[in-house]
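Engineer: Got a structure here, written out as structure tokens. Questions coming.
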Amino acid sequence: MLSDATKARPDMIGIVDLKCSPRRTLRSVADFVTNLCEGTYGRAPSLVIDGDADAEFAYIDVHLEFVLTELLKKCGVTALPR
């Protein structure tokens, strides 16, 4: 018997997203970090996605989101002029 969550997302097996999109996750995280930087420092650096923006692979979204959030927070603070 399939759960409602599995029926709604056939591209998921447990917590693994079979069509994990780094671009989608990065955009979501970038919006969060941009708001965080603007709220804390009054400005935020811009983000440019380069490479295969349509890439998809099997991965755990939560892990990718965590790593990208921490990476962009560090980069955002470092990129802002003092």
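Engineer: Can you sort E65, E70 from fewest to most other Cβ atoms within 10 Å of each residue's own Cβ? Mind showing how you got there, number by number?
Structural biologist: Values: E65 15, E70 12.
Fewest to most other Cβ atoms nearby, the residues stand as E70, E65.
Engineer: While we're here: Evaluate the relative contact order of the chain (contact order divided by residue number), counting alpha-carbon pairs under 8 angstrom at least 6 apart; express in whole percent.
Structural biologist: Details: 75 pairs, mean separation 32.5, N = 82.
In percent, rounded to a whole number, it is 40.
Engineer: Per residue of the chain, what 222 nm ellipticity follows from adding -39500 (n - 2.57) for every DSSP H run with n ≥ 4, rounded to the nearest 500? Intermediate values should be presented prior to the final figure.
Structural biologist: Details: 3 runs with 44 residues, N = 82.
The per-residue figure over the chain is -17500 deg cm²/dmol.
Engineer: What do you get for the angle between helix 61-79 and the principal long axis of the chain? Use alpha-carbon atoms, 0 to 90 degrees, nearest ten.
Structural biologist: It is inclined by approximately 10 degrees.
Engineer: Beyond 15 Å, what percent of the Cα pairs of the chain remain? Please list the in-between numbers first.
Structural biologist: Details: 2081 of 3321 pairs.
In whole percent, the long-distance tail amounts to 63.
Readers should treat all values here as calculations from the given coordinates under stated rules, not as data from a laboratory. Only a predicted model underlies this, so the values are computations on that prediction, with no experimental measurement involved. As a convention, Cβ positions derive from the backbone with ideal geometry for all residues, glycine included, and neighbour counts pool all protein chains shown.
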